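Down below is the structure, laid out as structure tokens.
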Amino acid sequence: MIGLALVVCFIVTVLITPLVRKLAIKIGATDKPNHRKVHQKVMARLGGLAIYIGFLVGFIISQPESPYLIPILIGSFIIILTGFLDDMIELSAKWKLLGQILAALIVVLGVGGSAVQVQFINLPFDGRLELGWFSIPLTILWIIGITNAINLIDGLDGLAAGVSAIVLLTISSLAVIEGDLFVAALGAILLGSTLGFLIHNFNPAKIFMGDTGALFLGYMIAVISLLGFKNITVFSLLVPVIILAVPISDTFFAIIRRIVNKQPLSAPDKSHLHHCLLRLGFSHRKTVLVIYAMSAFFGLAAIVLTQSTLLVTFFIMAVILIMIELIVERVGLVSSSYRPMIKFIRRLANTKRAS
């Protein structure tokens, strides 16, 4: 049934996206080029509405059963409404944040069903850190953080949709391994809908997902990642963090960049990962494919991590952290002069040659 739902969601979204595109143009939900954007012509946005419709069709077909079902549906509708209004009239940052907080509260407090909360974090040697009352603000922070992380990487044709699809494939695969049919079903119908939209969104894109899609995908990925990894006994939040390493790293270093440059955290710039790769000479399409490859690598690392011993886990984490730092320095994600690890490696190499 899950496989059927995935295929149907894919087909429905492929067919519905051109209709959503016509609707977006008719009601003026379009994205105009400016100095920060890569596209050179007016583009229809609101494509996330097609993903949402495909998602709802998948829900009807698969009919997943869970006490979390009602709050997830209510929260997803609120986030879709927030994104829709932003694509139409460009909401201010505070109103967008308010919509995200409300959608997060619905699932965290369990309005209409069970609450989704990070109540503890598994530690090495069978340890467990109970979060107590911190669980609510930390869970809200996770949901809002991932929602905005997906939104921030939505800067090139097919980028956010492709990265989200890789993340959803990884989460769904791990859910199947763990026997969590609800998370597997959610991941599968979202994956089918996202891939169906990607047919129209990959370079050269015919439509953008807009905030309707980016916020919806970010929100849903944040929620199902919490549901899917409650029982993994390595480090509870480590697995979803690795799966989402690309958008999380991009967001994290964007914050560092703004702090270093003494800019507001909400200030836009052209120094995100995709901008940096474009400046290095990669084409639009190659930049997207390189980031896909990065996301796939982290997804595979997360799967290996769930099957690893503690020692192997530490080794994998060390490799991942070194790799992220080298990428950050090589592409200039913080600044062109920030290269401590590269300089250290060069000094070691020079010392070795001198000896």
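Observations, loosely collected:
- Put simply, of L69, L56, L73, L49 the only residue that is under 22 Å from the mean Cα position of the chain (by Cα) and free of Cβ contacts under 8 Å to residues at least 12 places away in the same chain is L56.
- L129 meets all of the listed conditions (1) aliphatic (A, V, I, L, M); (2) free of Cβ contacts under 8 Å to residues at least 40 places away in the same chain; (3) surrounded by 15 or more Cβ atoms within 10 Å (Cβ to Cβ); (4) more than 30 Å from K32 (Cβ to Cβ) but one, namely (3).
- Applying the set (1) of a type outside the set (V, I, T); (2) surrounded by 15 or more Cβ atoms within 10 Å (Cβ to Cβ); (3) at pLDDT below 90 to P67 leaves exactly one unmet item: (2).
- Restricting attention to the range 96-126, the residues that are out of contact with any strand residue (DSSP E or B) (no Cβ under 9 Å at 6 or more places or on another chain) and at pLDDT below 90 add up to 12.
- Any hit, the range 330-353, residues being at pLDDT below 85, among the β-branched types (V, I, T) and either over 25 Å from L159 (Cβ atoms) or over 21 Å from the mean Cα position of the chain (by Cα) (or both): yes
- When S249 is tested against the conditions (1) surrounded by fewer than 17 Cβ atoms within 10 Å (Cβ to Cβ); (2) modelled with pLDDT of 85 or more; (3) in contact with a helix residue (DSSP H, G or I) (Cβ under 6 Å, 6 or more places away or on another chain), the lone failure is (1).
- All conditions but one from (1) of a type in the set (S, T, N, Q); (2) part of a helix (DSSP H, G or I); (3) buried (at least 16 other Cβ atoms within 10 Å of the Cβ) apply to N350; the one that does not is (3).
- Residues in the range 195-246 that are modelled with pLDDT of 90 or more, surrounded by fewer than 22 Cβ atoms within 10 Å (Cβ to Cβ) and among the charged types (D, E, K, R): 1 in all.
- Filter result (part of a helix (DSSP H, G or I) and either over 23 Å from V304 (Cβ atoms) or free of Cβ contacts under 8 Å to residues at least 24 places away in the same chain (or both)) within the range 152-180: L152, L159, A160, A161, S172, V176
- Looking across the range 306-346, the residues that are assigned to a helix (DSSP H, G or I) and closer than 17 Å to S271 by Cβ come down to I324, E325, I327, V328, E329, R330, V331.
- Just one residue in the set A161, A104, A149 is in contact with a Leu (Cβ under 6 Å, 6 or more places away or on another chain), of a type outside the set (D, E), under 30 Å from T17 (Cβ atoms) and crowded, with 21+ Cβ neighbours inside 10 Å; that residue is A161.
- Flag if A93 is touching a residue at least 40 places away in the same chain (Cβ under 8 Å), among the hydrophobic types (A, V, I, L, M, F, W, C) and touching a helix residue (DSSP H, G or I) at 6+ places or on another chain (Cβ under 8 Å): no
- Some residue of the range 85-95 being touching a strand residue (DSSP E or B) at 6+ places or on another chain (Cβ under 9 Å) and surrounded by fewer than 20 Cβ atoms within 10 Å (Cβ to Cβ): no
- Test result for F315, among the hydrophobic types (A, V, I, L, M, F, W, C) and free of Cβ contacts under 8 Å to residues at least 12 places away in the same chain: yes
- Within the range 175-194, tally of residues that are surrounded by fewer than 24 Cβ atoms within 10 Å (Cβ to Cβ), touching a Ser or Thr at 6+ places or on another chain (Cβ under 8 Å) and over 14 Å from S62 (Cα atoms): 1
The values are calculated or read from the model by the stated rules, or taken from the named source; none is laboratory data. Since the model is a prediction, treat every value here as computed from it, not as a measurement. Positions of Cβ are backbone-derived with ideal geometry, glycine not excepted, and every protein chain shown enters the neighbour counts.
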